[in-house]
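Presented below is the structure to which this report refers.
The values are calculated or read from the model by the stated rules, or taken from the named source; none is laboratory data. Keep in mind that this is a model prediction, so the values were computed, not measured. Positions of Cβ are backbone-derived with ideal geometry, glycine not excepted, and every protein chain shown enters the neighbour counts. Surface areas here come from the heavy atoms of the whole protein model, side chains and all, with no ligands, DNA or RNA. Shrake-Rupley method; radii C 1.70, N 1.55, O 1.52, S 1.80 Å.
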Amino acid sequence: GDEYLRQFGVILKEIFKRKLDMTARYGGEEFIVLVPEVTQKARNLAEVLREIIQDHELVFEGNTIRTTVSIGVAGCIPTLGVKPDSLIMKADKALYISKNGTKNAVSCYS
């Protein structure tokens with residue numbers, strides 16, 4: 001599990017590689033990515049990530065491990081009075097739509 005999470009982090013940094021893109025582990029098996037783009041651009045990058053992860057294989061102790069990923073995307077225009085937690089809450093709601101739906105999906109908060 002730890003090796004797969006490490007490789008996932010490497011893949012994240014390959015996709016979200018611009019100076020303004022920020023990636024971080026956000027809990028046990030969750031990651032957060034901050035992308036200064038419109039929501040559609042972030043959704044497109046999330047879809048690229050989903051496709052790469054579904055095709056990625058990790059060989060560990062003779063076993064091939066494949067996984068999928070559920071992704072939630074949310075956007076906002078920062079303004080005074082808007083708390084950062086509200087963006088995380090929106091992304092979390094979109095994530096649970098992916099997790100509770102078909103899985104291996106990208107969902108956007110709208």
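Among the residues making up the stretch 60-105, those that are within 27 Å of Gln7 (Cβ to Cβ) and acidic (Asp, Glu) are Glu61, Asp92. Across the stretch 56-68, the number of residues qualifying as without any contact (Cβ under 8 Å) to a residue 40 or more places away in the chain, in a loop (DSSP other than H, G, I, E, B) and out of contact with any strand residue (DSSP E or B) (no Cβ under 7 Å at 6 or more places or on another chain) comes to 4.
Of the numbered criteria (1) touching a residue at least 40 places away in the same chain (Cβ under 8 Å); (2) open to solvent by 50 Å² or more (accessible area, probe 1.4 Å), the one Arg50 fails is (2).
What are the residues in the stretch 63-79 that are open to solvent by less than 70 Å² (accessible area, probe 1.4 Å) and either over 29 Å from Thr39 (Cα atoms) or not aliphatic (A, V, I, L, M) (or both), if any? Answer for the stretch 63-79, where residues must be open to solvent by less than 70 Å² (accessible area, probe 1.4 Å) and either over 29 Å from Thr39 (Cα atoms) or not aliphatic (A, V, I, L, M) (or both): Ile65, Thr67, Ser70, Gly72, Gly75, Cys76. Tell me whether the stretch 59-70 contains one or more residues that are of a type in the set (Val, Ile, Thr), under 21 Å from Asn104 (Cα atoms) and in contact with a Ser or Thr (Cβ under 9 Å, 6 or more places away or on another chain). Within the stretch 59-70 (the criterion being of a type in the set (Val, Ile, Thr), under 21 Å from Asn104 (Cα atoms) and in contact with a Ser or Thr (Cβ under 9 Å, 6 or more places away or on another chain)), the answer is yes, since at least one residue qualifies.
Among residues of the stretch 83-110 that are within 21 Å of Lys41 (Cα to Cα) and surrounded by 17 or more Cβ atoms within 10 Å (Cβ to Cβ), those with a beta-carbon under 9 Å from a residue that is modelled with pLDDT of 90 or more and among the acidic types (Asp, Glu) at least six positions away or on a different chain give the pairs Val106/Glu47; Tyr109/Asp92.
For the stretch 15-31, residues that are under 13 Å from the mean Cα position of the chain (by Cα) and either of a type outside the set (A, V, I, L, M, F, W, C) or open to solvent by less than 50 Å² (accessible area, probe 1.4 Å) (or both) total 10.
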